[in-house]
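Below is one structure; the comments refer to it alone.
Derivation of every value follows stated rules applied to the coordinates shown; laboratory data play no part. Just so you know, these numbers come straight off a predicted model, no measurement behind them. Using ideal geometry, Cβ is built from the backbone for each residue, glycine included, and neighbour counts are taken over all protein chains shown.
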Amino acid sequence: GAGVSQSPSNKVTEKGKDVELRCDPISGHTALYWYRQSLGQGLEFLIYFQGNSAPDKSGLPSDRFSAERTGGSVSTLTIQRTQQEDSAVYLCASSLPFLYTQYFGPGTRLTVL
Amino acid sequence: RKEVEQDPGPFNVPEGATVAFNCTYSNSASQSFFWYRQDCRKEPKLLMSVYSSGNEDGRFTAQLNRASQYISLLIRDSKLSDSATYLCVVQGGKLIFGQGTELSVKP
């Protein structure tokens, strides 16, 4: 069956531009997570969606970062006015409610020049 | 203090060696525990869940000590294909990932 998909796989942008990253979770998975992983570093939690509940945005590093999840499925992570320190791999994961295994997408490698 | 801390590594071991990874967590209310594996430039994948009584999956053994807030992963008879970064993951609400421990198994 289809796993978690993310697009684009790679994104190169100029400092100051806005970018949108997309995540398609596994069908039926109500939980969706966004993480960031810088080179050689661990995963940094960004935001978590669970069903119709208010998202947990506690990991978003600044107000330049926002995320939406439309119709309880596809999610978009938006980074406004990108900075060089935003360069990282952005990983999306989905799971059945909460206590179940997370399945990760292949990630979007973002490079801000 | 980080919520989840792991040995920084890297661990460089010969094939056939036994290697142990340690992890500590700060939130005593944490409910679930996992080990994930991440290959170079790939996404993390679940290796195994960690149960209170300890659990084994082939060459891999995971243990949990709630009193000490400590988790371990033991790999016996290591293979070249075990080379990866091993991530300790703790759930108390959202999942919190450790920084990972890199393992390199040499011929």
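Working note: Debye formula, equal point scatterers on the alpha-carbon atoms of the range B:20-107, no solvent; log10 I(q)/I(0) at q = 0.12, 0.15, 0.17, 0.19 Å⁻¹ is -0.34, -0.52, -0.67, -0.82. Take each residue of peptide B:88-96, count the partner chain Cβ atoms within 10 Å of its Cβ, and average: the result is 4. Cα-based radius of gyration for the protein assembly as shown, normalised by 2.2 N^0.38 Å, reads 1.04. For the range B:16-61, the set of trypsin sites (Lys or Arg not before Pro) satisfying both a DSSP loop assignment and a count of at most 16 other C-beta atoms within 10 Å is given as B:R41, B:K42, B:R59.
Taking a straight line from the alpha carbon of B:K2, these lysines sit under 18 Å away, with near neighbours fewer than eight places off in the same chain left out: B:K94. For A:K15, a cut-off of 30 angstrom between C-alpha atoms picks up these lysines, skipping any fewer than 8 places away in its own chain: A:K57, B:K42. So, R0 is 35 Å and r is the distance between the beta-carbons of A:D56 and B:K45; what FRET efficiency does that work out to, to 0.05? Rounded to the nearest 0.05, the efficiency is 0.90. Short-range pairs are left out: with C-alpha atoms under 8 Å and at least six residues apart, the relative contact order of chain B is 38 percent.
With R₀ set to 30 Å, the beta-carbon distance separating A:T76 from B:S81 gives a calculated FRET efficiency near 0.25. Here's the picture: charge each Lys and Arg Cβ at +1 and each Asp and Glu Cβ at -1 in chain B, and of B:G93, B:S53, B:L80 the one pushed furthest to the positive end of that dipole is B:G93.
As a calculated quantity, the FRET efficiency between A:L96 and B:K94 at R0 = 22 Å, using C-beta atoms, amounts to about 0.90.
Per-residue mean of foreign Cβ neighbours for A:28-38 is 1 (Cβ atoms of other chains, 10 Å radius). Pairs of Cα atoms nearer than 8 Å and 6+ residues apart set the relative contact order; for chain A it is 38 percent. Peptide B:36-49 has a mean of 4 when you count, residue by residue, the C-beta atoms of other protein chains within 10 Å of its C-beta.
Please identify the trypsin sites (Lys or Arg not before Pro) of the range A:38-86 that satisfy two criteria: DSSP loop assignment and at most 16 other Cβ atoms within 10 Å. Which are they? Answer by residue number: A:K57, A:R64, A:R81. Here is the list for the range A:1-75: GluC sites (Glu not before Pro) lying in DSSP coil, each with at most 11 other C-beta atoms within 10 angstrom of its C-beta, are A:E14.
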